[in-house]
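J.: Could you have a look at this structure, given as structure tokens, before my questions?
FYI, it's all coordinate maths here, none of it is from the lab. Since the structure is predicted, the reported quantities are computational estimates derived from the model, not experimental observations. FYI the Cβ positions are ideal-geometry reconstructions off the backbone, even for glycines, and counts take in every protein chain you see.
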Amino acid sequence: MTTLRIVTVVFALASTVALAQENARTTRLSTRLHKLATTVPITVAHRGDSRNYPENTVSAFRAAVRAGADMVELDFRQTSDGVLVCLHDATVDRTTDGVQKLRRKKIAVGTLTLAQVQSLDAGSWRHARLAGARIPTLEAALKVIQKGSVAMIEHKAGNPESLVKLLRRMRLVEDVLVQSFDWNFLERLHQLEPKITTAALGSKPIDRKRLVAVRRTGASMLHWSAKQWTVDQVEQAQKLGYLLAGYTLNSDIEFVGAAGLGLHAITTDRPRRLRLLSSKGLVERAR
């Protein structure tokens, strides 16, 4: 065998090993989600049914379950007394009456106790008829969502130890998905509890370097900005066994396009609409 031939074979073997090391991790839930997405994409309700109800509130979560969402996405942060609560923003300014009630701006969730957080109105910013909604604890949200759907828990702030402790106490370790843009958080979470199914969130083009970085998180899903998914990237990620999700899509043409591209899951503010189109066979996943 010539030197060139030997080098070529060695390089090919090295590439195969590297590729294998980037394969997605398989869990009980990821296997279930792969099966669920065989013909139509999984409907992920973004912050609950956030088109019609205040985001990240119990009413939005209940409405998403009623709408038939396969998964309900929510965000969590940690209060000053260590409780995990559902809120997207770092402050309570946008989605509560905190500025008026506390008479200041830029009120960070992490500076408030649970009692202070739950004293705020989290519904009137959307509409007067929705006044009285409260910021729920993550535990309360999971009790609602897991009755008829699967929670997609997005880490915004808070330590992984508190989340693992909660999921173990609720016996939901293998029944929910946890995602984050903070891949260090995911890596630590995976080390603490390998049975938790995780997703790596991203917004930049997916290349080999990022796939290698994702591998250390133990992720089973790549949840990316839908604008970044291309045919080539979808094909590459599918070969590695990842569940592929795109955020945040709301129009009919976006639904059809994302499914046609081959995404396993679509995150949307309009879960009822996506479910309707899927049930009519108008949104079919390319395999």
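J.: Among the complete DSSP H segments of the chain, which ones combine at least 18 Å of alpha-carbon extent along their axis with a mean Kyte-Doolittle hydropathy of 1.6 or more?
T.: 3-21
J.: A further question follows. When Rg/Rh (Cα atoms, Kirkwood Rh) is calculated directly from the model, which label among (1) 1.03; (2) 0.94; (3) 0.97 fits?
T.: (1)
J.: Would you mind putting 267-278, 34-45, 228-239 in packing order, based on average other-beta-carbon counts within 10 Å, highest first?
T.: Final packing ranking: 267-278, 34-45, 228-239.
J.: Express in whole angstrom the spacing between the alpha-carbon centres of segment 56-83 and segment 139-167.
T.: About 8 Å separates the Cα centre of segment 56-83 from the one of segment 139-167.
J.: Is there a quick way to get the dipole size of the chain? I mean about its Cα centre, with the Cβ of Lys and Arg at +1 and of Asp and Glu at -1; what is the value in debye to the nearest 20?
T.: Computed charge dipole of the chain: roughly 280 debye.
J.: Using a 7 Å offset from the Cα along the Cα-to-Cβ direction at both K209 and S279, what is the distance between the two label points in nm, to one decimal?
T.: 4.6
J.: Assuming a ≥ b ≥ c are the square roots of the Cα gyration tensor eigenvalues, decide whether segment 163-287 counts as rounded (a/c under 1.5), prolate (otherwise, with a/b larger than b/c) or oblate.
T.: In terms of gyration-tensor shape, oblate.
J.: Give the calculated FRET efficiency between E174 and Q100 to the nearest 0.05, with a Förster radius of 35 Å applied to their Cβ-Cβ distance.
T.: Taking R0 as 35 Å, the efficiency between E174 and Q100 is 0.25.
J.: Further question on the same structure: Dipole size in debye (nearest 20) for segment 32-135 around its Cα centre, Lys and Arg Cβ +1, Asp and Glu Cβ -1?
T.: Numbers: 16 positive and 10 negative charges, 37 e Å.
Roughly 180 debye for segment 32-135.
J.: May I ask you to derive the relative contact order of segment 23-279, considering only C-alpha pairs under 8 Å and at least 6 residues apart, and to give it as an integer percent? Could you put the intermediate results ahead of the total?
T.: Values: 534 pairs, mean separation 59.9, N = 257.
Rounded, it is 23 percent for segment 23-279.
J.: Under 10 Å, Cα contacts only: if you run a Gaussian network model on the chain, which one of I206, I266, I153 comes out with the highest mean-square fluctuation?
T.: I206
J.: Please compute the contact order of segment 40-169 in relative form: average sequence separation of alpha-carbon pairs under 8 Å and at least six residues apart, divided by the residue count, as a percent.
T.: 29
J.: Moving on to the next point. Tell me what the chain gives for mean residue ellipticity at 222 nm when only DSSP H runs of n ≥ 4 count, each as -39,500 (n - 2.57), the sum divided by the residue total, rounded to 500 deg cm²/dmol.
T.: It comes out at -11000 deg cm²/dmol, rounded to the nearest 500.
J.: Can I ask one more? Build a GNM of the chain with springs between Cα atoms under 10 Å: which of S180, S30, S251 gets the top mean-square fluctuation?
T.: S251
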